[in-house]
Each structure stands twice: as C-alpha cells, then as structure tokens.
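See structure below.
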Amino acid sequence: MNYIILDLEWNQSSTGLEEAVKTLPFEIVEIGAIKLNNERSMISEFSELVKPQVYHEMHRITRRLIHLQMEQLEKGRPFPEVMEQFREWCGEEYIFCTWGPLDLTELQRNIRYYELEPLGDRPIIFLDVQKLFSIAYEDKKSRRALEYAIDYLSIEKDIPFHRAFSDAYYTAKILAGMDKKVLENYSFDVFHLPKNKESEIHVIFDNYAKYISRAFEDKIQALEDRTVIGTKCYLCRKNLRKKIRWFTPNGKHYYSVSYCDKHGYMKSKIRIRKAEEGKVYVVKTEKFITETEVEGIRNKQEKSKKQKKDKSASKNRNHQS
C-alpha cells in the first residue's frame, strides 16, 4: 500500500454574491501530492494548477497566504481534467495523508460540484499527520502549524512553504520519520456519513474508542438513539451504570461517567456536529479515566448546573421587572 500525502490550495469568493458560495465555498486552485511506498520512501510527486471556473478574483487572504496570482492560475487546467490525472497518478492501493482534517472534505466538495465520480460513498479512512505529530511528540491534543513541526524536528527547509506541493513535501518528510505504531491512529473524513445504522463506525484505538453515527434529523432525535446515549464497556461489552449522568455545559458537548467492575471508570463524550441539509451527526469517544479525572468531570457538571440556575433566576427577575 502507498501513502498519498495530499495538500490543496483554494480560493473563495471576494464578494459573497456568487450563486456557488453555498455549494462551493472553496474552489481548489492547486493540487500537490507526494507518493510514499510501503516503506515510506518517496517514489513520485504530483503538482498541478487548477484554472478557476467559479471565482475569478483572488480573495485577499488567499493571495497573502499562497503567493499565487490569478494570471498564473489561468494557465492551469480545469478541475475535472486535473482530477482525472490525479486519480490515475494515485493508483489503486493507497491511503490519503493530510496536514489537518480539511483537505479531503474540500476535495470531495469540488468533486461533487463538478458532478464527477466520488471518491467513495462512505467515510474515508486517512492519516491526519497534524494529529499524529501531536501524538508522537507532544500532548496528543495540540494542533501545530506545519512549519512549527518542521522546526521542531529540525528538518531542512529547502523549498518555500504555503504552496500545495511544498506543504505536501514537508508533510511527507514528517510522516516518513514517524514510528509505525503512531500511524495506527487513523482518522475518518465524514463528507459522506454512514448511510444507516448497520454501517455506523465503531473503532477501538490504543486507549479510547470512537463511534461515528449516521445522520439524524436534529439533535433531539440523535440524543434519543440508544447507541448514541448508551454506555457499554468497549473492552468487555458489558452494559454500564452511569455514575454521572449525561450533561452538557454548552449544548454541543455532552459528558457522562460510567463504571465497569473490571476496567474502572469510563468517560463518554458526545459531540453534536452539523451534517448536510441541516441534519446532524454524532461523534462519541469513550476512555477509561482515574478517580481524580472523575471528580474533575463532576465539578464541571456542578458548574454547569449553577450556570443554568443563575441564568434561569436572571430571566425570572427580568420577567418580573
């Protein structure tokens, strides 16, 4: 299997008036990629400018970041042609690798806009090298800029940053030097969500489990689903009793703590995320934690209760006055 390290540059509307703003908020203007073999040695490269078909004026932020002029892009080829060439270059057996989680989503959005054959009809497994860098070298939570990671690893900066090919090149350099065990922490691009309950994602990593749901009509429907709100030990599959019932401090993230006689306290976290057509989906993570961490979550729950109580009291006072 090969690794396709992908980086994109895109432009956006300068006015917000174009009809395509909602369906194509970011138009790809450059595709850069590096291909590594199974031993993570560089074996091929890809670099193409894309001729704009939608936004014909360079957004000021885009111009500042990627150092490209519209005159240069006009010499490129339309996205469908470049995409066909890129597919052929990728080959058959590969996994996408990107710096951060956005590139695959925007690539698929551009594919859909031009009504091309999709990359797939379900979530795509890929390697988020930005996340892997944090797992391998830092706190597993921080998300660093690419140039920071290059400096951290003392990798020679022999070509400029902020072009698609160069950023793919540096991302490949970082990936090539990582311990193979780190690469087991793969990610999912969910441009296409699981179509039904049977195809929902349940995966166990080294020290946590992740669940990605199908689309629900709204948050209420999602939080009524048994799989979403259920707390089952992901190691022994035993149904667990909650020590801290589900609560939310912000309406987007929900927390609970359950207890397994064999494996201890398990924290569950639900994130409600927006899907297409106004729908929502759920990402739930579960992880075993210490008693000290349990108390931290309990304190968060109490703080949330107090904030809601104070807000309610304030509304009542305003209503009475």
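The values are calculated or read from the model by the stated rules, or taken from the named source; none is laboratory data. Here the structure is a predicted model, which means the values were calculated and not measured. Heads up, the Cβs are rebuilt from the backbone with ideal geometry, glycines too, and the neighbour counts pull from every protein chain shown.
Of the strands (runs of 3 or more DSSP E) lying entirely inside the range 213-321, the ones with 3 or more residues being among the β-branched types (Val, Ile, Thr) are found at 280-289.
Residue-wise test of (1) closer than 30 Å to residue 196 by Cα; (2) surrounded by 15 or more Cβ atoms within 10 Å (Cβ to Cβ); (3) at pLDDT 95 or above; (4) assigned by TED's automatic domain parsing to the domain that holds residue 31.
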{"residue": "61", "(1), (2), (3), (4)": "no, no, no, yes"}
{"residue": "89", "(1), (2), (3), (4)": "no, yes, yes, yes"}
{"residue": "134", "(1), (2), (3), (4)": "no, yes, yes, yes"}
{"residue": "148", "(1), (2), (3), (4)": "no, no, yes, yes"}
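There is no residue in the range 131-154 that is touching a strand residue (DSSP E or B) at 6+ places or on another chain (Cβ under 6 Å) and closer than 20 Å to residue 45 by Cβ. Within the range 4-35, the set of residues being part of a loop (DSSP other than H, G, I, E, B) and not acidic (Asp, Glu) comprises 12, 13, 14, 15, 16, 17, 22, 23, 24, 25, 26.
Out of 227, 248, 171, 231, which single residue is assigned by TED's automatic domain parsing to the domain that holds residue 102, in contact (Cβ under 8 Å) with a residue 24 or more places away in the chain and polar (S, T, N, Q)? After ruling out the rest, the residue left standing is 171. I'd like to know if the range 79-92 contains one or more residues that are part of a helix (DSSP H, G or I), under 14 Å from the mean Cα position of the chain (by Cα) and closer than 27 Å to residue 57 by Cα. Looking through the range 79-92, none of the residues is part of a helix (DSSP H, G or I), under 14 Å from the mean Cα position of the chain (by Cα) and closer than 27 Å to residue 57 by Cα. Whether any residue in the range 29-46 is in contact with a helix residue (DSSP H, G or I) (Cβ under 8 Å, 6 or more places away or on another chain), farther than 26 Å from residue 276 by Cα and among the polar types (S, T, N, Q) is what I want to check. Yes, some residue in the range 29-46 is in contact with a helix residue (DSSP H, G or I) (Cβ under 8 Å, 6 or more places away or on another chain), farther than 26 Å from residue 276 by Cα and among the polar types (S, T, N, Q). Only one of the numbered conditions (1) modelled with pLDDT of 95 or more; (2) under 16 Å from the mean Cα position of the chain (by Cα); (3) in a loop (DSSP other than H, G, I, E, B) is not met by residue 141, and that is (1).
Each row is one residue, and each column tells you yes or no for (1) in contact (Cβ under 8 Å) with a residue 60 or more places away in the chain; (2) farther than 26 Å from residue 119 by Cα.
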| site | (1), (2) |
| --- | --- |
| 12 | no, no |
| 15 | no, yes |
| 27 | yes, no |
| 31 | yes, no |
| 34 | yes, no |
| 43 | no, no |
| 69 | no, yes |
| 74 | no, yes |
